Every structure is written in C-alpha cells, then in structure tokens.
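*Asks:* Starting off with a structure, shown below.
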Amino acid sequence: GAVVSQHPSRVICKSGTSVKIECRSLDFQATTMFWYRQFPKQSLMLMATSNEGSKATYEQGVEKDKFLINHASLTLSTLTVTSAHPEDSSFYICSARQGVGQPQHFGDGTRLSIL
Amino acid sequence: DAKTTQPPSMDCAEGRAANLPCNHSTISGNEYVYWYRQIHSQGPQYIIHGLKNNETNEMASLIITEDRKSSTLILPHATLRDTAVYYCIVRVTQAGTALIFGKGTTLSVSS
C-alpha cells in the first residue's frame, strides 16, 4: 500500500535552532501534502496544506514565517521550524494523498523537543 | 464536512469483537465515512471508508445505517495491538482539503 516516510523521527535541539523535517511519498506522486501538529493528549491539528510548485496554505493562527513549507517535487515536502523555542515542542505529522478520491496516508511523525 | 460524535473511550477484551460507534446525523449525500486509528506515538493509519454500503477489508468492517446518520466500525477479533485512538471522519471524498480530526475514541484492549 501507499507509504509516507517522515524523517527524522525524533529531534532534540537547543532553543533558537532551525529544524527541517522531510516528508516523502515512497510509491506514489503527491501533488498535495498536509502538515499536522499534535500536542500531548490532544488530537491532530492541521497546520498547512502544501501544494507542489506553489505556496503553502496555512491554517489560521499558524505563522507562515515560523513554519516554512517547501514542496519542490511530487514526492517531497519539507517543514522547517525556524528559530524554534520550547513552545514549538510537539509531534509533527505529515500526510499525502495519492489522488482525488484516495485516502490520506500519514507518516510516522517527528517528535520535536526544544530545550 | 459534517460533524461526528464518538464516545471518548471504550474497553474490549482480547479476542472479542470491538464495536466502535460514530454519530454523523448531519451527513450529506456526497460525504463518505472514513475511519483512521492512531497508535501511541505513531501517525494515523487508514482503516476503511464507505458511502452507504457496508464495507469489509482485512482490518475491519464498516456498518453504515440505512439513513446514514450513524456507523459502526467493527474489529472482529481485537488484539492488544488494536489499542489506539480511533477517529471517525466524514468528508466529501473528491475534496482536495485535509482530513480534520476530532477527539476520537480511545479503545483499550486488555487480556
């Protein structure tokens, strides 16, 4: 079945560091990918929609200058958390859909811890 | 997308069937019912989806009432590895927008 790979699975870094998370669709092309964030004991919250070759669409309250999204190819989207602070510590999950009418598939998430 | 209501938690004995209900009374004619689950510290996993007919795959069965206002996900023989948060989501399948997750049902399977 469709597989979405996310890397790294865990990051621990100092406050002020920028962190890049990669999301790849391994066996299909994804014109659209999605980025979610999940805090402990809460549900997934959609952060942004990433479209190949165009600017991402951010949900209300998500700072686009803080969370940079690049979707340069049909199989790769990246999320960069710039100048990360402890409050950015969270579980970040990417998702991709093979095509219209197909289910969304999810990566295994990246646990980001900012000290 | 129509709103869904799920019980916050359920328990199930290992080997027994787990029946997870979902209410979606405002569902419209072109909206599908999707089920995902999230095992602790992992990304959500697609389980099954359906429009109005009952569906079955290797993971589960989905029973949708005739009026489509509710559905039940059935795990026929629950195992400890089925312990997870189960999300019922209603959406138009042709939509290009992302899935929106509610709080789901935490299923605890015990031996």
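Since every read-out is calculated from the coordinates, none of them should be taken as a lab result. Please read these numbers as outputs of a predicted model, since none were measured by experiment. Counting neighbours? That spans all protein chains shown, and the Cβs are built from the backbone with ideal geometry, glycine included.
*Asks:* Just want the ordering: B:Ile47, B:Ile63, A:Ile93, from fewest to most Cβ atoms lying within 10 Å of their own Cβ. Kindly include the intermediate steps, with their values, before the conclusion.
*Replies:* Details: B:Ile47 21, B:Ile63 16, A:Ile93 26.
So the residues, fewest neighbours to most, are B:Ile63, B:Ile47, A:Ile93.
*Asks:* So, one more: Report Rg (one decimal) and Dmax (nearest whole number) for the range A:37-89, counting Cα atoms only, units Å.
*Replies:* Values for the range A:37-89 (Cα only, Rg and Dmax): 11.9, 35 Å.
*Asks:* How many Å³ per residue does the convex hull of the Cα positions in chain B occupy?
*Replies:* Working: hull volume 10.4 nm³, N = 111.
Residue-normalised Cα hull volume stands at 94 Å³.
*Asks:* Can you pull the percent of Cα pairs in the range B:60-111 with separation above 19 Å? Let's see the in-between values first.
*Replies:* Numbers: 555 of 1326 pairs.
When all Cα pairs of the range B:60-111 are counted, 42 percent exceed 19 Å.
*Asks:* Please compute the Kirkwood hydrodynamic radius of the range B:1-50 from all pairs of different C-alpha atoms, in Å with one decimal. Could you put the intermediate results ahead of the total?
*Replies:* Values: mean 1/r = 0.0769 Å⁻¹.
Taking every pair of different Cα atoms in the range B:1-50, averaging 1/r and inverting gives 13.0 Å.
*Asks:* Return the distance in nm (one decimal) between the two label points of a simple spin-label model at B:Ser108 and A:Ser113, each offset 7 Å from Cα along Cα→Cβ.
*Replies:* With each label placed 7 Å out from Cα toward Cβ, I get 2.5 nm.
*Asks:* Mind giving me the nanometre distance, one decimal, between the label points for B:Gln42 and A:Asp65, set 7 Å out from Cα along Cα→Cβ?
*Replies:* It is 4.0 nm.
*Asks:* Which net charge results when you count Lys and Arg as +1 and Asp and Glu as -1 among the other residues whose beta-carbon is under 9 Å from that of A:Leu46?
*Replies:* 0
*Asks:* Based on the Kirkwood radius over alpha-carbon pairs, what is the Stokes-Einstein translational diffusion coefficient of the range A:1-71 at 4 °C with 1.567 mPa s viscosity, in µm²/s?
*Replies:* Working: Rh = 13.7 Å.
Taking Rh from Cα pairs, D becomes 94 µm²/s.
*Asks:* Take the Cβ-Cβ distance between B:Thr97 and A:Leu74 as r, set R0 to 25 Å, and report the resulting FRET efficiency rounded to the nearest 0.05.
*Replies:* Values: r = 19 Å, r/R0 = 0.76.
Calculated value: 0.85.
*Asks:* So, one more: Using alpha carbons only, how many angstrom separate the centre of the range B:61-111 from the centre of the range A:69-115?
*Replies:* 23 Å
*Asks:* On to the next question. Quick query: amide H of A:Ala48 versus all other amide H atoms, modeled in the peptide plane; which residues come in under 5 Å with a sequence gap of 5 or more or a different chain?
*Replies:* Amide H to amide H, under 5 Å and 5 or more residues apart or across chains, A:Ala48 pairs with A:Trp35, A:Glu59.
*Asks:* Give me a comma-separated list of calculated 3J(HN,Hα) values for the range B:34-48, in order, Karplus coefficients 6.51, -1.76, 1.60 applied at θ = phi - 60°, integers in Hz, x for any Gly or Pro.
*Replies:* Values per residue, Gly and Pro as x: 10, 10, 10, 9, 10, 7, 3, 6, 10, x, x, 10, 5, 10, 6 Hz.
*Asks:* Now for a separate question. Which order results if B:Cys12, B:Cys22 are arranged by neighbouring Cβ count within 10 Å, fewest first? Working shown, then result.
*Replies:* Working: B:Cys12 19, B:Cys22 24.
By the 10 Å Cβ count, ascending: B:Cys12, B:Cys22.
*Asks:* Test of understanding: express the Cα radius of gyration of the protein assembly as shown as a ratio to 2.2 N^0.38 Å, with N the residue count. Walk me through the intermediate numbers first.
*Replies:* Working: Rg = 17.8 Å, N = 226, 2.2 N^0.38 = 17.3 Å.
Ratio of Cα Rg to 2.2 N^0.38 Å: 1.03.
*Asks:* Additional query: If I take R0 = 30 Å and measure r between the Cβ atoms of A:Thr82 and A:Glu52 in this structure, what FRET efficiency does the formula 1/(1 + (r/R0)^6) give, to the nearest 0.05? Write down the numbers at each step before the final one.
*Replies:* Numbers: r = 22 Å, r/R0 = 0.73.
Given R0 = 30 Å and the Cβ-Cβ separation, E is 0.85.
*Asks:* What list of ³J(HN,Hα) values in whole Hz, one per residue of the range B:50-67 in order, does the Karplus curve 6.51 cos²θ - 1.76 cosθ + 1.60 (θ = phi - 60°) give from phi, with Gly and Pro shown as x?
*Replies:* x, 9, 9, 7, 5, 10, 9, 9, 5, 9, 7, 10, 10, 10, 10, 5, 4, 7
*Asks:* List, in order, the whole-Hz ³J(HN,Hα) value for each residue of the range B:100-111 obtained from phi through the Karplus relation with A = 6.51, B = -1.76, C = 1.60 and θ = phi - 60°; use x for Gly and Pro.
*Replies:* 3J(HN,Hα) across the range B:100-111, in whole Hz: 10, 9, x, 8, x, 10, 7, 9, 10, 9, 10, 8.
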